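Working notes, structure below.
The values are calculated or read from the model by the stated rules, or taken from the named source; none is laboratory data. Computed from a predicted structure; not experimentally measured. Positions of Cβ are backbone-derived with ideal geometry, glycine not excepted, and every protein chain shown enters the neighbour counts. The accessibility values were calculated without ligands, DNA or RNA, using every heavy atom of the protein model including side chains. Shrake-Rupley method; radii C 1.70, N 1.55, O 1.52, S 1.80 Å.
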Amino acid sequence: MDNGSESNSGKMTGSLKETMAYLNERLAVDTCFDIVYRVIKVGGRDACMYFIDGFCKDELMQKMLQYFMDLTEDELPKDAHEMSKKCVPYVEVDLKEDWEGILYGLLSGVFVLFIDGYTQAILIDSRTYPARSVGEPEKDKVLRGSKDGFVETIIFNTALIRRRIRSTDFRVEMMSAGKNSKTDIAVCYMDSRVDKKFLEKIKNRIRDIKVDALTMNQESLAECLYERRWYNPFPKFKYSERPDTAAAQILEGNIVILVDNSPSAMIMPTSIFDVVEEADDYYFPPITGTYLRLSRFLIAILTYLMTPTFLLLMNTREYIPEAFQFIILKEPENIPLIWQFLILELAIDGLRLAAVNTPNMLSTPLSVMAALVLGEFSVNSGWFNAEVMLYMAFVAIANYTQANYELGYALKFMRILTLILTGLFGIWGYIGGIVICLLFIVTNKTVSEKSYIYPLLPLNLKKLCNRLFRLRLPEARK
């Protein structure tokens, strides 16, 4: 059979010469320096091995190669199945006869061995990935608890969860998406606790993804899984870099999705109460955890209402009670308050972006310059009033109390909208902005098409108390 017919059939023929010709052309081995192939003798037959340089463990492959080359003609089995059972001294071994599976394994870093006369390739998973060490994530830090975090290698991440859930009920299904990238996706869940209809829905959506590649990793996958209501800024997914958080969500019946090359887990379905929760709530006693949780709720509300409320009171000073007259501006405003707030909203985001892209050795000088320029100098220059700077400083700092970036930006967008409406229409604009924000939250849906504010709507008092207050853990009550 010639190369063309071999390619069209989609399966191996057993001829090593045809196999090498097809693979060398398909993989462009003369051009790609990292694709290595070598012709050897195994049991008196011609054989060829293919692998990606940098993915294989050199010492292990050296031992296996020596073992293969020492096989005699009498010791060589008649087919690949017997070969894998008797003469491959390794644990992770698979057999493939279709080219799609062979190429997928090879390009994923698996060592592939072809032997003349065998109609199946022997795939030996001896790969090792370049990976950083498992350390505490920069974003999801806790005062107590474990200090390990997810990394960019998916097999390490599944192992970190498996270490915490030693149950036969725990499932990890491997899937892939992307025509060219074929990105590995691991779907993790508890078989007896997960919503089976929702699970099948998510798996079908992953199978139906028709994209060239998941270029932005988890965000690309999230946009493929949830395409509706893009205009609603409130997060549909919760992301965590902590294995303990992912394990806890799995045990609660949720689905956790891990994407190769991404150091975080995607948790679904997610409600507004799930987004606000943090690991520290459970690493402290109930009363302390309740205080931390309620504090985050209160601060989130304040970050949204602080500047629009101040703007409303400055425009309608007759509403200010006698006891709060001290909040009135002490200096005349050279620029309308609405424009001061909007400029500072943009300036704070500019400083945040600058901090992300600033080398570590320059971060301290940048912080000093930012404090001077946006501090006393900006007030003395007449651009901003001191009260405006104070309230915006509170908002900027309070945003960091939320571990979820998407929630922080959702509150920011709602705050800017309410500011603009308040500046244009006064008290009615202020009320309208709050109503719009509440509508965005109430009408939002989780990925499973359930209420975004459950158990508040529909009301479930017992579960609502568990969401608002950090009660004793179930195992502690037994």
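For the range 112-170: of the residues being at pLDDT below 90, small (G, A, S) and touching a helix residue (DSSP H, G or I) at 6+ places or on another chain (Cβ under 9 Å), which is least open to solvent (accessible area, probe 1.4 Å)?
Result: S126.
List, please: which pairs have Cβ atoms under 8 Å, are six or more places apart or on different chains, and start with a residue in the range 199-227 that is open to solvent by 80 Å² or more (accessible area, probe 1.4 Å) and end with one that is not in a loop (DSSP other than H, G, I, E, B) and not polar (S, T, N, Q)?
Every condition considered, the pairs that remain are R207/M175.
Any chance you could count how many residues in the range 101-111 are on the phi > 0 side of the Ramachandran plot and buried (at least 20 other Cβ atoms within 10 Å of the Cβ)?
0
Consider G408 carefully, then state whether it is at pLDDT 95 or above and closer than 18 Å to L302 by Cα. Write out each step before concluding.
Details: at pLDDT 95 or above: no; closer than 18 Å to L302 by Cα: yes.
Considered against the rule, which asks whether it is at pLDDT 95 or above and closer than 18 Å to L302 by Cα, G408 comes out as no.
Of the residues that sit in the range 57-86 and are outside any helix (DSSP H, G or I), among the charged types (D, E, K, R) and more than 15 Å from F111 (Cβ to Cβ), which one is least open to solvent (accessible area, probe 1.4 Å)?
Here the answer is D79.
For the list (1) in contact with a Leu (Cβ under 8 Å, 6 or more places away or on another chain); (2) within 28 Å of D191 (Cβ to Cβ); (3) open to solvent by 10 Å² or more (accessible area, probe 1.4 Å), I need the number of the one condition that I257 fails.
All conditions pass for I257, except number (3).
Among the residues in the range 172-184, are any outside any helix (DSSP H, G or I), in contact with a strand residue (DSSP E or B) (Cβ under 7 Å, 6 or more places away or on another chain) and closer than 16 Å to P263 by Cα?
Let us first name the residues in the range 172-184 that are outside any helix (DSSP H, G or I), namely 172-184.
Those left that are additionally in contact with a strand residue (DSSP E or B) (Cβ under 7 Å, 6 or more places away or on another chain): 172-177, 182-184.
Checking the rest, the ones that are also closer than 16 Å to P263 by Cα come to 183-184.
Yes, the range 172-184 contains at least one residue that is outside any helix (DSSP H, G or I), in contact with a strand residue (DSSP E or B) (Cβ under 7 Å, 6 or more places away or on another chain) and closer than 16 Å to P263 by Cα.
Any chance you could count how many residues in the range 87-100 are open to solvent by 20 Å² or more (accessible area, probe 1.4 Å) and part of a helix (DSSP H, G or I)?
The total comes to 1.
Yes/no matrix, rows are residues, columns are (1) of a type in the set (A, V, I, L, M); (2) surrounded by fewer than 17 Cβ atoms within 10 Å (Cβ to Cβ); (3) more than 26 Å from F440 (Cβ to Cβ):
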{"residue": "A300", "(1), (2), (3)": "yes, no, no"}
{"residue": "T307", "(1), (2), (3)": "no, no, no"}
{"residue": "L311", "(1), (2), (3)": "yes, no, no"}
{"residue": "E322", "(1), (2), (3)": "no, yes, yes"}
{"residue": "I327", "(1), (2), (3)": "yes, yes, yes"}
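Could you figure out which of (1) open to solvent by less than 100 Å² (accessible area, probe 1.4 Å); (2) closer than 17 Å to F114 by Cα; (3) touching a residue at least 24 places away in the same chain (Cβ under 8 Å); (4) not in a helix (DSSP H, G or I) isn't true of G54?
All conditions pass for G54, except number (2).
Do we find a residue being assigned to a helix (DSSP H, G or I), buried (at least 17 other Cβ atoms within 10 Å of the Cβ) and at pLDDT below 85 anywhere in the range 370-378? Please lay out each step first, then the result.
Going residue by residue through the range 370-378, those that are assigned to a helix (DSSP H, G or I) are 370-373, 376-378.
Now restrict to residues that are buried (at least 17 other Cβ atoms within 10 Å of the Cβ): 378.
Next cut, at pLDDT below 85 only: 378.
The answer is yes, given that some residue of the range 370-378 is assigned to a helix (DSSP H, G or I), buried (at least 17 other Cβ atoms within 10 Å of the Cβ) and at pLDDT below 85.
Name every residue in the range 47-95 that is closer than 28 Å to A131 by Cα and among the charged types (D, E, K, R), in order of residue number.
Here is the first cut: in the range 47-95, the ones closer than 28 Å to A131 by Cα are 49-65, 88-95.
Those that are closer than 28 Å to A131 by Cα and among the charged types (D, E, K, R): D53, K57, D58, E59, K63, E92, D94.
Evaluate the following for A386: is it open to solvent by 30 Å² or more (accessible area, probe 1.4 Å), more than 25 Å from the chain's Cα centre (by Cα) and without any contact (Cβ under 8 Å) to a residue 24 or more places away in the chain?
Spelling it out, it is not the case that A386 is open to solvent by 30 Å² or more (accessible area, probe 1.4 Å), more than 25 Å from the chain's Cα centre (by Cα) and without any contact (Cβ under 8 Å) to a residue 24 or more places away in the chain.
Search the range 18-41 for residues being touching an Asp or Glu at 6+ places or on another chain (Cβ under 9 Å) and part of a loop (DSSP other than H, G, I, E, B), and hand back the single one that is least open to solvent (accessible area, probe 1.4 Å).
So, considering only residues that are touching an Asp or Glu at 6+ places or on another chain (Cβ under 9 Å) and part of a loop (DSSP other than H, G, I, E, B), the one least open to solvent (accessible area, probe 1.4 Å) is D34.
Identify all residues within the range 414-437 that are more than 27 Å from the chain's Cα centre (by Cα) and either assigned to a loop (DSSP other than H, G, I, E, B) or closer than 30 Å to I257 by Cβ (or both); write none if there are none.
Of everything in the range 414-437, just one residue is more than 27 Å from the chain's Cα centre (by Cα) and either assigned to a loop (DSSP other than H, G, I, E, B) or closer than 30 Å to I257 by Cβ (or both), namely G426.
What are the residue pairs meeting all of these: first residue in the range 347-360, first residue closer than 23 Å to I416 by Cα, second residue at pLDDT below 80, Cβ atoms under 6 Å, and 6 or more apart or on different chains?
From residues that are closer than 23 Å to I416 by Cα, the pairs are L351/A370.
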